[in-house]
Every structure is written in structure tokens, then in C-alpha cells.
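To keep things clear, I will list the structure first and then write my remarks on it.
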Amino acid sequence: MPLLEVKDLCRTFRQGDTEIHAVNHAYFSVEQGDMLAIVGQSGSGKTTLLNLLGCIDKPSTGQVLLDGQDIHSLSDQESAKLRRQKIGYIYQDFKLLPILTAKENILVPAMLDGKKLPASQVHTLADRLGIANRMNHLPSQLSGGQRQRVAIARALINQPSILLADEPTGNLDKASAQEIMDLLLDLNRVGHTIILVTHNEKYAELCPRKITISDGRIASDQ
């Protein structure tokens with residue numbers, strides 16, 4: 001059974017008398033350990049699709065199955081729990097809490113789940129991501145690349161089934177962007193399942209699989 005299945009997924013918005021089909025009858029599946037890029041022009045539906053996969057938005061029709069469970073059939077409380085435990089979300093603008101240190105930001109999902117993780121687990125993850133010496137720093141004291149590494153650590157801390165990354169290099173300089181892309185590729189090589197939305201064709205070509213979205217529809221899946 002695939003890790004993730006998307007079945008006839010649609011998301012429609014109404015703008016006056018006009019219906020906008022942001023996601024239009026999407027079908028695809030993702031196996032454990034896959035890494036795929038979702039590409040398309042601005043407004044094509046990439047981020048809307050990712051938000052549906054991440055249980056942030058709800059579809060108009062269709063299903064998203066994660067480990068065989070229809071994630072959009074859950075209550076709000078169950079959806080929040082699933083997002084914390086099974087889905088790691090990486091944002092373009094990091095979404096770190098400015099009053100918390102890097103370590104505290106990383107631990108937010110675990111704290112919301114009532115987990116007390118061993119210090120060694122946090123240290124090992126931080127060391128792996130190259131931020132072990134920045135754990136007591138606030139986000140304002142970190143570079144853009146370091147902030148994104150903290151955000152990735154936060155996404156990984158609950159050992160989710162899948163990582164969703166929405167333009168994770170979009171707010172970074174060229175060197176930092178390449179470092180973050182290399183890091184995501186390394187995470188995939190050790191078994192993490194990753195879906196990456198990107199406008200950068202070079203980064204998309206580095207992924208073993210690429211889905212192109214056009215006007216809400218899947219134009220190609222290679």
C-alpha cells in the first residue's frame with residue numbers, strides 16, 4: 001500500500017460568480033522513501049495541493065489517504081494530532097516563534113503532544129543538521145540558512161511519516177539555498193519521504209520524480 005494516495009482531489013474557490021479550480025481532479029500516489037518535486041507557474045495550484053496533503057486546507061471533493069487513513073475525514077482535534085505526529089511541514093518563511101530559542105522552536109511539536117524527549121535526541125538531530133552550536137540563539141540571531149535548518153529540525157522532531165516542503169529555499173541566498181536542497185536530498189537518501197514544492201527547475205531536476213501542475217491539473221508525472 002502506498003504511503004500517500006491522492007484520489008480525485010479537487011479544491012474549488014468562488015470569486016464572485018466565477019469558480020476557481022485551484023486543484024482539479026488530482027490523482028497520484030507516493031511510496032515510502034520517495035522524493036518528488038511539484039512544479040508549475042505561479043498560481044498553478046502547487047501550494048494549495050501541498051496544503052491539502054498537509055491537512056492545512058480541506059478539499060471540495062476527493063480524498064487524501066496517509067497510511068490508508070482519509071485525513072480529511074478526521075475531526076479538527078484529530079487533524080491537529082495527525083499533523084503533529086505524521087506530517088512535517090517546512091515553510092518558505094520558516095514560521096519560527098521569535099521569543100523562543102532554536103531548541104525551544106524545535107521542541108514545539110513534541111511539547112504540544114505532551115512528549116518529553118531525551119536531550120540526546122534533540123542534540124543528535126541538531127548536530128546532524130549543523131546547528132548544534134546555535135541551540136540557545138533566538139531566530140533573530142540566526143542566518144536565513146540556520147533558521148531553515150531549525151525549521152527542518154522542528155519538522156523532523158516527531159519522526160513524521162512524510163515531509164512537506166513549500167518553497168524551502170525561496171527566502172535564501174544562492175549558497176544557503178543550495179545547502180538546504182543538499183540537506184533535503186541527504187534526508188531522502190537515509191529514508192525520509194519528501195514532497196517539495198519549488199519554482200526552481202534546477203532543484204526539481206535533482207528529485208527522482210517531478211509532478212507539473214497547470215491550472216490545477218496534473219500536466220505530467222515523471
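Descriptive notes on the structure:
- For region 127-180, the set of residues classified as under 25 Å from N51 (Cβ atoms) and of a type in the set (D, E, K, R) consists of R147, R149, R154, D166, E167, listed by residue number.
- Region 33-59 - residue that is closer than 19 Å to P208 by Cα and not hydrophobic (A, V, I, L, M, F, W, C) and, of those, surrounded by the fewest Cβ atoms within 10 Å (Cβ to Cβ): G33
- Close Cβ contacts (under 7 Å, 6 or more residues apart or on different chains) running from residues in region 195-216 that are within 14 Å of Q41 (Cβ to Cβ) and free of Cβ contacts under 8 Å to residues at least 40 places away in the same chain to residues that are buried (at least 18 other Cβ atoms within 10 Å of the Cβ) and not aromatic (F, W, Y) comprise N200/T169.
- Residues (outside any loop (DSSP other than H, G, I, E, B) and among the charged types (D, E, K, R)) located in region 36-95: K46, D70, D76, E78, K81, R83, R84, K86
- Each residue in region 108-142 was checked for being within 21 Å of the chain's Cα centre (by Cα) and among the hydrophobic types (A, V, I, L, M, F, W, C), and 9 pass.
- Meets criteria (under 20 Å from I194 (Cβ atoms) and free of Cβ contacts under 8 Å to residues at least 40 places away in the same chain) for I56: yes
- Members of region 169-222 found to be buried (at least 19 other Cβ atoms within 10 Å of the Cβ), closer than 25 Å to S143 by Cβ and touching a helix residue (DSSP H, G or I) at 6+ places or on another chain (Cβ under 6 Å), listed by number: T169, L172, I180, M181, I194, V197, T198, Y203
Just so you know, all these numbers are worked out from the coordinates, no wet-lab data involved. None of these values were measured; they are calculated from a predicted model. In this analysis, Cβ positions are derived from the backbone assuming ideal geometry, glycine residues included, and neighbour counts consider all displayed protein chains.
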